[in-house]
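Structure record follows, encoded as structure tokens.
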Amino acid sequence: MAPLTGLAVKHGLMKADLANVDAIQTLALVQFSRERFTESAATTKIVSGIWERQKPSVELAARIRQQAQRYHRQTDCDGARTLYSIALGMASGSAGDRHLVTIGIMSDLTKLYRVNRQASQAAPLYQRMAAALAAAPALGAQEPALYLDLGDLAYRYRAFDMAEHYARTALRHIDSGAAAHAGALIGALNEHAAALYALGRMDEGDKQRERARQLFAATGRKREVAALSPLEHEGGVLALYRRGDLAGAIGKMDEQLRAAQAKQAGLAGALTRLESAPASAAADGEPARQRALDAARSEMFTQQNDLIFLLISSGELYYSQQGLDQAEAQYRRALALLKDRKSDNSPLVGHASYGLGVLLRSRGMLAQAEQLQRSAYAIAEQDLGADHPNALEARLELADLAAAQGKLAQAGEHYTALVAMARQHAGGARDDAMLVASLNSLAALYARQGRNAAARAIKAELATLNSAK
């Protein structure tokens with residue numbers, strides 16, 4: 001069907017209208033799966049044009065959302081983003097933000113941004129979702145998972161009190177139907193435990209984590225989750241984690257790592273044999289050999305990137321379960337591989353350095369943690385800009401580390417800059433989570449320095465922010 005559809009669209013034999021939109025979109029996804037990205041983007045543009053010409057309605061927005069999810073599952077993030085945006089505009093314009101379809105689309109789009117580390121785009125949607133649920137709490141009661149989405153984003157911004165509040169709210173709505181919603185309850189318990197751990201409330205976190213383990217063991221649930229990222233496919237690492245099967249998630253990650261390591265070993269052996277093989281006597285022998293070597297090195301590089309990504313993800317997973325020794329080993333393996341190939345400024349170096357820095361800080365190894373966070377911040381600032389969420393998170397870690405080591409003036413400079421950037425975020429709109437975190441830290445710093453008036457002024461601003469939520 002796809003080749004025929006392609007010919008029909010190309011030669012104008014198929015009208016670009018609502019009757020044919022599903023077939024045209026299927027063509028776009030087939031083109032994407034075959035790595036014909038330019039053609040796929042052009043076909044998706046036809047699809048988006050069809051949807052934009054329709055009379056807006058919340059029902060049509062829900063249908064477009066379903067189509068966006070198809071792109072999302074196939075990891076065509078640009079196509080998914082385009083359709084989610086059309087659906088969101090249509091739903092919001094037709095029914096406003098306080099409608100389940102509108103909030104659901106915002107949630108999907110937030111997940112897409114988050115997976116792609118585009119937290120600055122996710123933040124305004126987070127604020128809209130929070131405002132809509134605060135104004136219409138009955139919607140959250142119907143879809144408690146929306147509170148978990150808010151909590152997850154708050155956690156990434158280190159606003160752990162907000163993350164704990166949202167997870168607890170989700171639990172309150174889910175808990176009464178535990179038998180019917182065991183999977184949702186397990187996920188909410190794990191999210192609540194993570195926030196409690198971050199707040200230092202270890203005993204409470206342990207109780208929620210244990211309850212999740214017991215519930216999973218009692219239900220014997222099948223592991224079924226739609227795939228929205230490479231680690232979220234059915235039975236994938238994040239899918240298992242969100243279902244509460246923590247041992248299964250770690251086991252699946254180890255399985256993926258072993259497979260990646262085996263594949264890399266095979267590629268390395270093939271490359272070694274190719275490098276040592278003499279060129280053929282044919283006229284094009286050496287050029288052909290060089291092309292083969294270039295292709296093999298490119299494949300090796302790509303595979304090594306996959307392995308490093310898995311090592312970093314494994315480190316994050318172990319760290320989330322307090323497996324600090326295992327997490328540290330994975331982060332260090334990733335950094336060693338990157339060092340071997342002289343990738344000092346790679347974004348992967350930044351991600352691994354940040355994760356290892358956070359871990360070492362929790363172990364009291366502050367000087368080493370600071371060195372790693374300096375690397376993470378420098379890479380994020382250079383590649384993404386000083387106001388990108390990755391750079392902001394690393395800079396907040398640097399500020400906290402400076403304060404912990406008594407470098408109060410240095411910490412103050414970082415906190416003040418973070419507050420200023422958060423206030424100016426997105427053309428003047430506040431990034432509440434980062435602002436609250438930075439203001440809290442700055443107030444504590446001023447109190448340590450005896451600058452009580454300045455600390456009281458910040459506390460007053462925080463009270464104003466909280467009352468405005």
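Below are the figures for this structure:
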| read-out | value |
| --- | --- |
| Nearest-0.05 FRET efficiency for Ala453 and Asp22, computed from C-beta distance (R0 56 Å) | 0.30 |
| For Thr38, Thr44, Thr272, order by how many other beta-carbon atoms lie within 10 Å, fewest first | Thr38, Thr272, Thr44 |
| Two-site label geometry, Arg73 and Asn305: point separation in nm, points 7 Å out along Cα→Cβ | 2.6 nm |
| Estimated FRET transfer efficiency (Ala135, Thr464; beta-carbon r; R0 30 Å; 0.05) | 0.95 |
| Taking Phe37, Phe32, Phe309 and counting other C-beta atoms within 10 Å, the order from fewest to most | Phe37, Phe309, Phe32 |
| Whichever aspartates and glutamates have a C-alpha closer than 13 Å to that of Lys252, once near sequence neighbours (fewer than 8 apart) are set aside | Glu232, Glu234 |
| Exposure proxy order (Cβ contacts within 10 Å, fewest to most) of Asp161, Asp108 | Asp161, Asp108 |
| Karplus-derived HN-Hα couplings along the stretch 186-201 (A = 6.51, B = -1.76, C = 1.60, θ = phi - 60°), whole Hz, x at Gly and Pro | 4, x, 5, 4, 5, 5, 5, 4, 4, 5, 5, 4, 5, 7, x, 9 |
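No value in this document is a laboratory result; all are computed from the given coordinates. The structure presented is a predicted model; accordingly, all values stated were derived computationally and were not measured. Here Cβ is always computed from backbone atoms with ideal geometry, including for glycine, and neighbour counts include all displayed protein chains.
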